[in-house]
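Here the structure comes first, spelled out in structure tokens, and everything after it is commentary.
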Amino acid sequence: MRSNTGDVSRSVLLVEDDARVRRVLRLALEDEGYRVAEAASGTAGLQEIAHAVPDVVLLDLMLPDLDGFTVCRRIRRDSDVPVIMVTARTDSHDVVAGLEAGADDYVTKPLVAKELSARIRALLRRAEVANQHPVKIVAGDLEIGIEEGVVTRDGVPLALTRTEFRLLAELAGADGRVCTREHLLETVWGYGYFGDSRLVDVHVRRLRTKVERDPANPRHVVTARGLGYRLVL
Amino acid sequence: MAVRLGLRNRVMLGFGLIALALSATLAGVTWLFVSHYLVADRLSTATTESAVNAEAISLGLSQPGASIPQLLDQLPSGQATSSLLLYGGHWYATSSAHGASAVPAGMVAMARAGEATSSRIRDGGEPMLAVGAPLTQRGNAYVALYPLDDLDRSLRILSSTLIGAAILTSIGGLLIGRFASRVALRPLAELTGVASAVARGDLDARLHFEDDPDLGGLARSFNHTAAELQHRVAVDARFAGDVSHELRTPLTTMLNSMQVIRNRRSELPATVREPVSLLSDDLDRFRRLVVDLLEISRDDGGDTSTAEVVRIGDLVSRAADAAALRPVTTLSPEVDGLRIIADKRRLERVVANLVTNAETHGRGCLGVLVAVSGAGLRIIVDDAGPGIPPDRRDRIFERFARDGAPAGQGVGLGLAIVDRHVRWLGGTVRVGDRPGGGARFVVELPLGSHRDHSMPTSSG
């Protein structure tokens, strides 16, 4: 096996019921340098994760037993592993439902391993904040440890996924200024201007349920109507 | 003179004519009865009065030494304007205004012979009733003249009242006819509206008078036809989508296998490299086609839209410049910094597809202009091609209308997607001539266009 990435090979869990698709994606992803585990159903996928947590889960929404949303919610109960869901259509309600169930990103069929690989790399990037910032940023009762990847509220650690953490870190790095959706799409997900803004909106909603005492009246992550979001320092 | 009246006007006119005929008949009958009664009443009063007067004169004349003028003066002041007496070959009169000359000779002769008669006469232009009455002294006559101008006036008032009533009734008939025809034809007006809505492509339009006992059958069969049509259109549209869905699994296999092969191109024998490269290119085109078909079928299926606030100038220039691989966009000053609510993904496809079309079929995009026009936004895409002949301008927005492009260049879904998305956004797209040659595509969008705010941009 040849590795294109050069670094320690990452593991991907493919949860997909179509054997042919599983087989060819495995071939192509392995060719891109990933280690690939397969699961033919939602239940099998959950068992696989319980057995060995992969670096990324690629989750088809249409599965024979448990649907993808349920699988995603169960994964999120005790894991922050990045989940990329596979949907049939860009503009269906599935996308929002999947993101709300805890997925970090989505791809539409037909899948190509090279594009998938770019998504995976973006999700596995570490949180980065410009050099001049302290490694610890305080926003009210929140304390964001950029280096450690830990957020505490009143000293109690919060369970954020990697993507939620990177989103918060990006907002924290803006010094209280507004971050546009396009900017967040680019820095957190690695998309360009035409990325799907729903990624940002749903992740902000999810982030608020974790960092805000009253998510309906956010004090930390506030909306700048028509512009984007900012973190109140 | 062959003016064809509409159904509504005919119904209205019918009501008016019926009202006119009825009211005219009623007025005629009323006139006959009333005028006959009034004239007969006046005649009977006059006849009775003059008989009584004649008797009084006869009695007076039988008294010795009677003075005729005195006798005439002593007559009770009845309704007669003038009393005349022919006695001993001489005429005596109570009024100098009306002389014996006005009295018909026949009447005098009849009265002298003992016969009472009456006759309508005119004296000095005034209508009068003359009543001749015999006296007991044979050979003499009494004639009384009664005015008829008041009766004539009454009859004139009666006739104008009746004519007025007939006219009013006819107008009333016309108005009722107008109202009735409007009420009766309302379903027909609805049918016209709904039928043209369906023809315009609004397949959800239906008639609402299915419960009408008379027209319900028509409404039901029309609605049934419309529903069938809608079903057929949906099935046809879904077909492309279903095919594309089915194609995605084999496409996934092909694309990923090809990727593995391409990653190892250097390991391939030289003889295989060219066919592999051809296969790879066509596989990419095949993928774009399937993705485009899904894009179109998704709109046919009426999927969701997302609306968000965008800087429209930024959006268009990014989409256009990326599609042309060079800066092509000009923003008019009022567009700079303008924010509108729009579906970013669809708008990006519209602009990118128009620019790609100009690049591949129009010998290059000459420029994209964004401007505010009236209450909307206008996006103009110019190309350097030969232009589109007027008779082909509507067709080029149809699926797979290639507009004479060389085989293998594009598959003609780009403009169909543009048309779909622009409609979805509530706007229009048309193609015309660019001044100086080439085609000019003009997209007009309402400012703040959006259909479904399925993802609120703010919750705090």
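Here are a few things to note about the model shown:
- Entry remark, segment A:49-86: residues being closer than 13 Å to A:Glu16 by Cβ and touching a Leu at 6+ places or on another chain (Cβ under 7 Å) number 7 in total.
- Residue selected from segment A:207-232 under the condition surrounded by fewer than 19 Cβ atoms within 10 Å (Cβ to Cβ) and part of a helix (DSSP H, G or I), by the criterion nearest to the other protein chains (Cβ to nearest Cβ): A:Thr209
- Applying the criterion of being more than 14 Å from chain B (Cβ to nearest Cβ) and free of Cβ contacts under 8 Å to residues at least 12 places away in the same chain to the residues of segment A:8-56, the residue that is nearest to B:Gln259 (Cα to Cα) is A:Val8.
- Matching residues in segment B:212-229 - criterion: being loosely packed, with under 14 Cβ neighbours inside 10 Å and either within 13 Å of chain A (Cβ to nearest Cβ) or part of a helix (DSSP H, G or I) (or both): B:Gly217, B:Ser221, B:His224, B:Thr225, B:Ala227, B:Glu228, B:Leu229
- Identity of the residue in segment B:330-367, part of a strand (DSSP E or B) and not charged (D, E, K, R), that ends up farthest from B:Pro435 (Cα to Cα): B:Ile341
- Filtered residues of segment A:75-91 (kept if under 30 Å from B:Asp343 (Cα atoms) and more than 14 Å from chain B (Cβ to nearest Cβ)): A:Pro82, A:Val83, A:Ile84, A:Met85
- Looking across segment B:368-383, the residues that are surrounded by fewer than 17 Cβ atoms within 10 Å (Cβ to Cβ) and either without any contact (Cβ under 8 Å) to a residue 60 or more places away in the chain or in a helix (DSSP H, G or I) (or both) come down to B:Ala371, B:Gly374.
- Condition broken by A:Val204, with the remaining ones in (1) outside any loop (DSSP other than H, G, I, E, B); (2) within 11 Å of chain B (Cβ to nearest Cβ); (3) aliphatic (A, V, I, L, M); (4) farther than 26 Å from B:Glu348 by Cβ satisfied: (4)
- Scanning segment A:177-200 for residues being within 12 Å of another protein chain (Cβ to nearest Cβ) and surrounded by 22 or more Cβ atoms within 10 Å (Cβ to Cβ) gives a total of 6.
- Test: residue in segment B:71-85 that is under 60 Å from the mean Cα position of the chain (by Cα), closer than 30 Å to B:Arg153 by Cβ and charged (D, E, K, R): no
- For segment B:319-341, filtering for residues that are under 20 Å from A:Gly195 (Cα atoms) and either touching a Leu at 6+ places or on another chain (Cβ under 7 Å) or outside the structural domain of B:Gly412 (by TED's automatic domain parsing) (or both) leaves 1.
- Selection over segment B:336-351 of residues that are surrounded by fewer than 21 Cβ atoms within 10 Å (Cβ to Cβ), farther than 13 Å from B:Pro446 by Cα and not charged (D, E, K, R) gives a count of 2.
- Considering B:Arg264, B:Arg339, the condition of being over 29 Å from B:Gly367 (Cβ atoms) and either within 11 Å of another protein chain (Cβ to nearest Cβ) or touching a strand residue (DSSP E or B) at 6+ places or on another chain (Cβ under 8 Å) (or both) is satisfied by B:Arg264 alone.
- Checking each residue in segment B:273-311 for being modelled with pLDDT under 90, assigned to a helix (DSSP H, G or I) and of a type in the set (Gly, Ala, Ser) picks out only B:Ser297.
- The set of residues in segment B:339-361 that are under 18 Å from B:Ala416 (Cβ atoms) and of a type outside the set (A, V, I, L, M) comprises B:Asp343, B:Arg345, B:Arg346, B:Glu348, B:Arg349, B:Asn353, B:Thr356, B:Asn357, B:Glu359, B:Thr360, B:His361.
- Subset of segment A:196-233 [touching a residue at least 24 places away in the same chain (Cβ under 8 Å) and of a type in the set (A, V, I, L, M)]: A:Leu199, A:Val200, A:Val202, A:Val204, A:Leu207, A:Val211, A:Val221, A:Ala224, A:Leu227, A:Leu231, A:Val232, A:Leu233
- Test result for B:Arg232, farther than 30 Å from A:Asp18 by Cβ, in the same structural domain as B:Asp284 (by TED's automatic domain parsing) and loosely packed, with under 13 Cβ neighbours inside 10 Å: yes
- Screening the candidates B:Asp73, B:Asp41 for the property of being among the charged types (D, E, K, R), in the same structural domain as B:Pro134 (by TED's automatic domain parsing), at pLDDT below 85 and surrounded by fewer than 18 Cβ atoms within 10 Å (Cβ to Cβ) yields one hit, B:Asp73.
- Any hit, segment B:312-327, residues being in contact (Cβ under 8 Å) with a residue 60 or more places away in the chain, more than 44 Å from the chain's Cα centre (by Cα) and not in a helix (DSSP H, G or I): no
- Residue-level check: of (1) out of contact with any Gly (no Cβ under 7 Å at 6 or more places or on another chain); (2) at pLDDT 85 or above; (3) more than 30 Å from B:Asn256 (Cα to Cα); (4) more than 11 Å from every other protein chain (Cβ to nearest Cβ), B:Asp394 misses just (2).
- Those strands (runs of 3 or more DSSP E) lying entirely in segment A:92-176 with at least 1 residues under 30 Å from B:Ile296 (Cα atoms) and within 14 Å of another protein chain (Cβ to nearest Cβ): A:105-108
Quick grid of which residues meet (1) surrounded by 11 or more Cβ atoms within 10 Å (Cβ to Cβ); (2) in contact with a His (Cβ under 6 Å, 6 or more places away or on another chain); (3) modelled with pLDDT of 90 or more:
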| residue | (1), (2), (3) |
| --- | --- |
| A:Gln132 | no, no, no |
| A:Val138 | yes, no, no |
| A:Leu158 | yes, no, no |
| A:Thr163 | yes, no, yes |
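The values are calculated or read from the model by the stated rules, or taken from the named source; none is laboratory data. All values derive from a computational prediction rather than experimental measurement. A quick note on method: Cβ atoms are made from the backbone with ideal geometry, for glycine too, and the neighbour counts reach across all protein chains shown.
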